[in-house]
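Read-outs: derived from the displayed coordinates by stated rules, not from any lab. All values derive from a computational prediction rather than experimental measurement. In this analysis, Cβ positions are derived from the backbone assuming ideal geometry, glycine residues included, and neighbour counts consider all displayed protein chains.
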Amino acid sequence: MIDTPSALWAMLAMAAVTFGLRAVPFLAARWLRHHPLVQRLGRFLPLAIMTLLLVHTLVGSARDNPHGPWAELAAAALAMVLQWFKRQPLLSILAGTALYVVLRNN
Amino acid sequence: MSEQTRTSFKSVLTLSVPVAMGYIPLSAVFGFLFVQAGAPWWLAMVCSVIVYAGAAQFMMVPMLAAGLPVATIAVATLVVNLRHMFYGLSLLHKLPRNPWARWYLVFALTDETYSVLTTLPAHTPAWQMVSVALLNQGWWLLGTLLGALIGAQAQVPLVGLDFALAALFAVLAVEQWRSAHDARPLWVALLSYGAAYALMPQQALLMAIGLSVLAATLLPAPPCAQTHT
């Protein structure tokens with residue numbers, strides 16, 4: 001059960017963190033643009049962080065799944081292959097999720 | 001003038017429709033899962049109005065249901081949304097000077113809105129950028145509402161619908177991979193996660209991000225990126 005007041009506090013914190021992150025370049029533009037390390041991180045981190053989030057979410061799902069990681073791997077592979085060739089996020093997400101739901105509910 | 005306005009309004013809609021196709025089903029799954037976890041429908045709407053960050057909203061649902069402290073949820077949000085810090089860098093000169101328009105666009109800088117804004121030509125009028133961003137958040141709210149209302153009715157949830165989050169990350173990772181000039185972030189991420197998971201499975205994500213930042217700092221720059229001035 002979700003407790004409404006604590007959910008609201010959590011959302012306010014999440015809103016502040018998210019807005020803060022999105023605003024950083026506009027507040028510290030001069031410093032950021034001239035800092036080679038920031039530029040390097042800006043090129044390196046997006047792919048690294050997306051990969052980490054994907055792996056972490058798959059590991060989390062697989063730990064809740066008594067039948068091992070095969071459903072997670074198959075569904076993620078389907079979503080990735082579809083996205084690579086078709087470039088339609090909606091199709092990739094729906095197909096991957098549908099395959100996973102089918103595999104888990106059988 | 002009115003002809004021109006109509007054409008640009010059409011272009012705003014054209015840019016926003018693909019986002020709608022992705023946002024409505026995805027935010028509907030968020031609304032559905034949140035209500036199924038025991039939240040009232042309006043709380044889902046509040047979340048989509050003030051937080052407006054897809055992956056973080058998904059991640060929040062099990063954390064709130066488990067009663068985790070606000071600080072933990074805030075740190076998790078920081079990790080999941082860290083990439084947004086770099087989005088503004090390519091938009092610094094593009095965003096309008098009017099403070100309301102500018103700061104709304106900064107607030108609304110999701111993955112999808114960022115990619116739409118970067119494709120707009122230079123000197124796009126402020127109202128056009130704000131309209132695209134508002135429309136996108138409108139689709140997100142519409143989907144949240146639909147999902148929350150369905151979630152309030154449905155009795156037996158299917159196991160595994162929350163895999164939509166993993167599928168979303170898979171899609172975003174593929175798009176990052178497509179635009180990357182360097183494969184090392186991928187390998188660094190996989191190795192970091194392996195090491196972090198072996199050492200501290202509970203804090204694997206945070207530790208792996210720390211290791212990746214360290215690697216990005218220490219590794220020599222890739223040959224194609226040596227354009228520092």
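What nm value, rounded to one decimal, do you get for the distance between B:Lys10 and B:Val159 when each label is placed 7 Å out toward the C-beta?
Placing both labels 7 Å along Cα→Cβ, they lie 5.1 nm apart.
Per-residue Cβ counts within 10 Å, from other chains only, averaged over A:67-75: what number is that? Walk me through the intermediate numbers first.
On the way: counts 0, 0, 0, 0, 2, 3, 0, 0, 5.
Mean number of neighbouring Cβ atoms from other chains: 1.
How long are the semi-axes of the equivalent ellipsoid of region A:23-99, taking √(5λ) for every eigenvalue λ of the Cα gyration tensor, in whole Å from largest down?
Working through the eigenvalues yields semi-axes of 34, 16, 10 Å.
Could you tell me the extents of region B:119-219's C-alpha atoms along the three principal axes, largest first, rounded to whole Å?
On the principal axes, region B:119-219 reaches 51, 43, 20 Å in Cα extent.
Return the sequence-ordered ³J(HN,Hα) values of region B:48-54 in whole Hz as given by the Karplus equation 6.51 cos²θ - 1.76 cosθ + 1.60 applied to θ = phi - 60°, using x for Gly and Pro.
Listing the rounded values in order: 6, 7, 8, 8, 6, 8, x Hz.
For region B:81-164, taking Cα atoms only, what is the radius of gyration to one decimal and the Dmax to the nearest whole Å?
16.5, 51
Relative contact order for chain B: what percent, with Cα pairs under 8 Å and sequence separation of 6 or more?
Working: 182 pairs, mean separation 70.5, N = 229.
RCO, chain B: 31 percent.
Any idea how far apart B:Leu89 and B:Ala152 come out in nm if each label point goes 7 Å out from Cα toward Cβ?
The answer from the label model is 4.4 nm.
Under a crude label model (7 Å from the Cα following the beta-carbon direction), how far is A:Asp3 from B:Trp42 in nanometres?
My value for the distance between the label points is 2.1 nm.
On the first, second and third principal axes, largest extent first, how far apart are the outermost C-alpha atoms of chain B in Å?
Cα spread of chain B along its principal axes, largest to smallest: 64, 59, 29 Å.
So for each of A:25-31, B:188-194 I average, over its residues, the number of other beta carbons within 10 Å; can you give me the resulting order with the highest mean first?
Working: A:25-31: 14.1, B:188-194: 20.3.
Packing order, densest peptide first, comes out as B:188-194, A:25-31.
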